[in-house]
2 protein chains.
Amino acid sequence: MATEQQVMAHFEATCRSHGLKLTHQRLEIYRALLQSAEHPSAESLHKQLETRLPTLSPDTVYRTLATFEQLGLVKRVETMSSQARFEAVIDQHHHFFCDQCGRLIDFHWHLFDTMGLPESLQGIGKIRDKNVVVHGVCEQCLTSKKNES
Amino acid sequence: MATEQQVMAHFEATCRSHGLKLTHQRLEIYRALLQSAEHPSAESLHKQLETRLPTLSPDTVYRTLATFEQLGLVKRVETMSSQARFEAVIDQHHHFFCDQCGRLIDFHWHLFDTMGLPESLQGIGKIRDKNVVVHGVCEQCLTSKKNES
DNA sequence: TAGTAATTAAGAATAAATCTTAACTAAAAA
DNA sequence: TTTTTAGTTAAGATTTATTCTTAATTACTA
């Protein structure tokens with residue numbers, strides 16, 4: 001399990017090795033993403049960082065996230081919501097998606113990770129990654145629903 | 001394995017039971033989706049149907065797909081592309097996504113379907129569905145790449 | 001077959017994301 | 001430290017996907 005300092009060191013090394021400057025904005029955007037478990041959108045990251053970096057433009061957040069994505073530092077999470085959502089790439093995990101509130105929760109599944117792929121994928125191409133997406137209603141939504149009635 | 005006639009009959013029954021009129025547009029949109037293996041976007045469905053229904057508006061395609069989605073006849077496929085993509089709900093399957101050309105290919109994985117979920121999901125909420133998403137480069141992209149060099 | 005309520009078409013409107021340009025700022029190199 | 005260079009900002013225009021509005025049309029009902 002990597003410490004935040006190690007992760008930040010890797011981030012800095014990756015930027016440098018690709019000739020990218022370590023700007024205040026890049027550091028803050030990456031750190032914010034790293035510390036969030038909420039898979040935020042570009043907009044919500046911008047909102048969150050606005051207090052510390054009052055001149056930060058939405059455009060910079062979009063641009064920076066796209067750059068990080070290309071370096072493999074950040075992943076765009078597949079959702080069916082209109083806004084793209086992001087996460088820092090740290091470990092192999094999967095997603096639980098609440099259909100009610102839109103919350104995304106990470107979970108781990110070692111058995112799946114170490115399992116082979118089915119025959120039906122033979123010859124389909126070159127495989128890079130496999131992930132599980134679970135849909136349902138999160139505990140919090142279930143509880144608040146109960147209290148309403 | 002349901003025949004297309006059976007599927008269409010189920011479609012009509014579902015519409016009727018929800019008080020939805022069986023309009024020409026609804027039938028054509030559903031049939032087109034049913035016959036496509038490409039998980040088309042609303043836009044490409046509209047383009048495809050334009051020849052047969054010259055006055056079909058994009059809005060109708062969007063609206064109709066949203067209606068079908070609510071009835072459980074159609075599923076919105078999660079991708080990170082900006083356009084939403086759709087499929088008719090027929091059987092349990094999973095998706096291979098080509099990162100190069102954006103193609104989505106269905107595959108089946110019975111072992112996964114019958115497998116239990118990991119402990120890490122205990123207490124997360126009420127689970128409705130679990131799916132695998134595999135990323136990579138499809139055979140066709142691999143081949144065309146080889147021919148280039 | 002006429003009535004009516006749902007549905008559609010067309011175009012306007014909205015929202016997310018990206019582009020443009022010029023002026024400015026900060027990081028890395030010399 | 002100074003210079004070079006890449007990156008950022010601002011503001012507005014643009015693009016793309018989707019949704020809304022309104023008036024006309026159409027499928028089902030009586």
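The values are calculated or read from the model by the stated rules, or taken from the named source; none is laboratory data. None of these values were measured; they are calculated from a predicted model. Cβ atoms come from the backbone with ideal geometry, glycine included; neighbour counts cover every protein chain shown. When the accessible area is computed, the model is the full protein with side chains, heavy atoms only, and any ligands, DNA or RNA have been set aside. Shrake-Rupley method; radii C 1.70, N 1.55, O 1.52, S 1.80 Å.
What residue of chain B has the nearest C-beta to the axis that moves B onto A, and what is that distance in Å, given as a whole number?
Chain B residue with minimal Cβ-axis distance: B:E78, 2.
Would you please give the FRET efficiency between B:L71 and A:L71, computed as 1/(1 + (r/R0)^6) with r the Cβ-Cβ distance and R0 = 35 Å, to the nearest 0.05?
The pair B:L71/A:L71 has a calculated efficiency of 0.25.
Quote the FRET efficiency, to the nearest 0.05, computed for B:H24 versus A:L27 with a Förster distance R0 of 45 Å and r equal to the Cβ-Cβ distance. Walk me through the numbers before you get to the answer.
Numbers: r = 57 Å, r/R0 = 1.27.
Approximately 0.20, to the nearest 0.05.
In deg cm²/dmol and to the nearest 500, what is the mean residue ellipticity at 222 nm of the protein assembly as shown if only DSSP H runs of at least 4 residues count, each as -39500 (n - 2.57), divided by the residue total?
Helix contribution divided over all residues of the protein assembly as shown: -12500 deg cm²/dmol.
Do any trypsin sites (Lys or Arg not before Pro) in the stretch A:1-66 lie in a loop, going by DSSP, with at most 10 other beta-carbon atoms within 10 Å of their beta carbon, and if so which?
Answer by residue number: A:K21, A:R52.
Below 8 Å between Cα atoms, with a sequence gap of 6+, how large is the relative contact order for chain A in percent?
18 percent
Which residue, B:L45, B:S17, B:V74, has the largest displacement toward the positive end of the dipole of the stretch B:4-88 when charges sit on each Cβ (Lys, Arg +1; Asp, Glu -1)?
Toward the positive end, the furthest listed residue is B:S17.
Can you pull out the cysteines in chain A that have no other Cys Cβ under 4.7 Å?
Among the cysteines of chain A, those whose Cβ sits 4.7 Å or more from every other are A:C15, A:C101, A:C141.
Counting only C-alpha contacts under 8 Å and six or more residues apart, can you give the relative contact order of the stretch B:4-88 as a whole percent?
Numbers: 78 pairs, mean separation 24.3, N = 85.
For the stretch B:4-88, the relative contact order is 29 percent.
I'd like the accessible area for B:L71: 1.4 Å probe, protein heavy atoms, all chains in place, Å² to the nearest 10.
Ignoring ligands and nucleic acids, B:L71 comes out at about 40 Å².
Cross-link candidates for A:K145: which aspartates and glutamates have Cα within less than 19 Å, leaving aside residues fewer than 8 places away along the same chain?
Of all the aspartates and glutamates, those that pass the test against A:K145 - Cα under 19 Å, at least 8 places apart if same chain - are A:D99.
Enumerate by residue number the chymotrypsin sites (Phe, Trp or Tyr not before Pro) in the stretch B:86-146 meeting two conditions: DSSP loop (anything except H, G, I, E, B), and at most 12 other Cβ atoms within 10 Å of the site's Cβ.
Qualifying residues, ordered by number: none.
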